[in-house]
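Enquirer: There's a structure below that I have some questions on.
The values are calculated or read from the model by the stated rules, or taken from the named source; none is laboratory data. Predicted model only: the values in this text are computed from it and were never measured. Methodologically, a virtual Cβ is constructed for each residue, glycine included, from the backbone with ideal geometry; neighbour enumeration extends over all protein chains shown.
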Amino acid sequence: MSDQIKQSEVNSAAWAACDTFRGVVDPAQYKDYILVMLFLKYISDVWSDHYDRYKKEYGDDDVRIRRRLERERFVLPMAELKDPQTGEVQDRFLADFNSLHERRSQPNVGELINIVLDAIEEANKAKLEGVFRNIDFNSEANLGKTKDRNNRLKRLLEDFHKPQLNMSPSRVSEDVIGNTYIYLIEHFASDAGKKAGEFYTPYKVSELLAKLVQPKPGDRICDPACGSGGLLVEAARAVGGRDFALFGMESNGSTWALARMNMFLHGMDSARIEWCNTLTGPALVENDRLMKFNVVVANPPFSLDKWGSEEAAHDRFNRYWRGVPPKSKGDYAFISHMIEAALEREGRVAVVVPHGVLFRGGAEGRIRQKLIEDNLLDTVIGLPGNLFPTTSIPVAILIFDRAREKGGARQACKDVLFIDASREYQSGKNHNTLLEDHMAKIYNTCKARQSVDKYAYVAAISEIAENDYNLNIPRYVDTFVEEEEIDIAAVEKEIEQLESELAEVRLKMKQYLKELGV
């Protein structure tokens, strides 16, 4: 259709709306205001589009129209502004973006936005309860004093009222809206610096991780450190259909809300995203035991300090039976949780880790040895440095496969594939990026599971044991490139020729100076 809105147009218009807050509000904070407004605009446009469709079908029969709308995947109720003293209703309007845009010049516009969000939450408890509780559009601390705050919110409502941000299903696909959400999160991560690690995994890293873990139709997929949910979205896309179930856990309340909205915008309303501390109080539990999943993926916080080691020895889920990780580094705490949450003799696990996980000794070394002896480790992949907005260090992907356990379909596999992909990337101004060719090479190498000169090596577990269970990739993948041998005779001949030419030049120079009388 000619009036279809392009992805680039939606992205540009949404990014331009951020100018309202740039330089005034911290990027780690204003991302919440922008993403909530995008979400509100989306559900409002979908509601309006469906209302118009039912209006054509039922004419002025508002009862039938409302009855149909109440069966939608979400409901937009009526919102009420009440007098704080008397409780008398001063204004009553549909809880949607358009009502707020009409009231954008009101002196209490921040309060009105909060009322609309509260009403939407209340009417959609099963899917949206708590999603807006961490955002306050009437906050003086975040948005300034009344006059400045009102001006900013008025501009924000006007920015989102642009034609390019008409998100009616007839004009823009669900994928486009979801992609815009991820596009904004990616750009907020660039602005937010180290704080970005709380909510963002680079898109290409998420895509690669999802492909490597090979989710299948019917799988239950979990990310126990899901951030804003991008990795879960990519894992779902890798399935190639809608036959999957998504689960996630996130400890930061604001980031948990982003994940819930992200799932909703991608049409994955049934995803179960829990707000909890995965290491000390996981909420994905059935019958007082950890829920089990076909696929577990994560980019957990690197070397998390004070992760809860003091409680680990008495963990009621017995996740740390191979050993308790050090209190200042929670990497193996997340790995231990992920493996225990994967289905026995079947579950697949992929996790992003700092390189220290591969070789550090002490408690971590003992846990690593046990995981290798249990034949769970399948693949170690070294990625380039500077892929993340939070750190410039290179990272690795570890893939564990519980099908390698005794009784599993791959129990005969007794080796580990090492891949050094650290030198293949596209260099960027702020950070490096993996291109499709780089990811395809990694994926195809994993699939072939064969040694590749200077790139990959299949190491027997006995060989890893000889290396004291050290997984440092250069121990297995030799990337050394010998320098070309120097032809001494040719170099001497070239030097003689250059000396001869230099002598001729000096002689001519002497003659020229003599002619000039110097």
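Enquirer: Any residue in the range 478-495 that is aromatic (Phe, Trp, Tyr) and touching a residue at least 40 places away in the same chain (Cβ under 8 Å)?
Expert: Checking the range 478-495: not a single residue is aromatic (Phe, Trp, Tyr) and touching a residue at least 40 places away in the same chain (Cβ under 8 Å).
Enquirer: Mind listing just one residue for me: the one in the range 1-57 that is surrounded by fewer than 18 Cβ atoms within 10 Å (Cβ to Cβ) and of a type in the set (A, V, I, L, M, F, W, C) and, of those, farthest from residue 265 (Cα to Cα)?
Expert: Among those that are surrounded by fewer than 18 Cβ atoms within 10 Å (Cβ to Cβ) and of a type in the set (A, V, I, L, M, F, W, C), it is 24.
Enquirer: Considering the range 314-355 alone, what residues qualify as being within 22 Å of residue 383 (Cα to Cα), surrounded by fewer than 21 Cβ atoms within 10 Å (Cβ to Cβ) and either outside the structural domain of residue 303 (by TED's automatic domain parsing) or free of Cβ contacts under 8 Å to residues at least 60 places away in the same chain (or both)?
Expert: Within the range 314-355, 354 is the sole residue that qualifies.
Enquirer: Of all residues in the range 58-82 being touching a Lys or Arg at 6+ places or on another chain (Cβ under 8 Å) and free of Cβ contacts under 8 Å to residues at least 40 places away in the same chain, which is farthest from residue 118 (Cα to Cα)?
Expert: This residue is 58.
Enquirer: Any chance you could count how many residues in the range 191-225 are in contact with a Lys or Arg (Cβ under 9 Å, 6 or more places away or on another chain), surrounded by 22 or more Cβ atoms within 10 Å (Cβ to Cβ) and modelled with pLDDT under 90?
Expert: Residues flagged as in contact with a Lys or Arg (Cβ under 9 Å, 6 or more places away or on another chain), surrounded by 22 or more Cβ atoms within 10 Å (Cβ to Cβ) and modelled with pLDDT under 90 within the range 191-225 amount to 2.
Enquirer: Right, here's the next one. Which residues, counting only those in the range 427-455, are more than 27 Å from residue 389 (Cα to Cα) and assigned to a strand (DSSP E or B)?
Expert: Passing the criteria: only 452.
Enquirer: Inspect the range 254-266 for any residue being of a type in the set (Val, Ile, Thr) and under 24 Å from residue 357 (Cα atoms) and give the result as yes or no.
Expert: No, that holds for no residue.
Condition check ((1) surrounded by fewer than 19 Cβ atoms within 10 Å (Cβ to Cβ); (2) at pLDDT below 95) across all residues:
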position	(1), (2)
381	no, no
402	no, no
406	yes, yes
417	no, no
425	no, yes
441	yes, no
444	yes, no
451	yes, no
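Enquirer: Just checking, how many residues over the range 375-426 are acidic (Asp, Glu), closer than 20 Å to residue 353 by Cα and part of a loop (DSSP other than H, G, I, E, B)?
Expert: Number satisfying all stated conditions: 1.
Enquirer: If you don't mind, there's one more thing I want to ask. Go through (1) surrounded by 15 or more Cβ atoms within 10 Å (Cβ to Cβ); (2) in a loop (DSSP other than H, G, I, E, B); (3) at pLDDT below 95 one by one and return the number of the condition residue 71 breaks.
Expert: Status for residue 71: all satisfied but (1).
Enquirer: Output the strands (runs of 3 or more DSSP E) that fall wholly within the range 209-302 and possess 3 or more residues being over 14 Å from the mean Cα position of the chain (by Cα), of a type outside the set (Lys, Arg) and outside the structural domain of residue 128 (by TED's automatic domain parsing), or say none.
Expert: Per the criteria, 244-250, 272-275.
Enquirer: Would you be able to say whether some residue in the range 45-53 is assigned to a loop (DSSP other than H, G, I, E, B) and assigned by TED's automatic domain parsing to the domain that holds residue 161?
Expert: The answer is no; no qualifying residue exists.
Enquirer: If you go through the range 122-169 one residue at a time, how many are within 17 Å of residue 73 (Cα to Cα) and either in the same structural domain as residue 256 (by TED's automatic domain parsing) or loosely packed, with under 15 Cβ neighbours inside 10 Å (or both)?
Expert: So the count comes out to 5.
Enquirer: Quick test for you: out of 75, 63, 24, pick the one residue that is closer than 21 Å to residue 149 by Cβ and either out of contact with any Cys (no Cβ under 7 Å at 6 or more places or on another chain) or among the hydrophobic types (A, V, I, L, M, F, W, C) (or both).
Expert: The conditions single out 24.
Enquirer: Take residue 85 and decide whether it is assigned by TED's automatic domain parsing to the domain that holds residue 155, without any contact (Cβ under 8 Å) to a residue 12 or more places away in the chain and not in a loop (DSSP other than H, G, I, E, B).
Expert: It is false that residue 85 is assigned by TED's automatic domain parsing to the domain that holds residue 155, without any contact (Cβ under 8 Å) to a residue 12 or more places away in the chain and not in a loop (DSSP other than H, G, I, E, B).
Enquirer: Being under 21 Å from residue 170 (Cβ atoms), in contact with an Asp or Glu (Cβ under 6 Å, 6 or more places away or on another chain) and in the same structural domain as residue 148 (by TED's automatic domain parsing) narrows it down to one of 76, 69, so name that one.
Expert: 76
Enquirer: Also, quick follow-up: So, in the range 1-44, of the ones that are among the charged types (D, E, K, R) and over 18 Å from residue 263 (Cα atoms), which residue ends up nearest to the chain's Cα centre (by Cα)?
Expert: Ranking the qualifying residues of the range 1-44, first place goes to 26.
Enquirer: Contact list please: Cβ distance under 8 Å, first residue in the range 209-230 and among the acidic types (Asp, Glu), second residue part of a helix (DSSP H, G or I), pairs at least six apart or on different chains.
Expert: So the pair list comes out as 219/239; 223/231; 223/232; 223/235.
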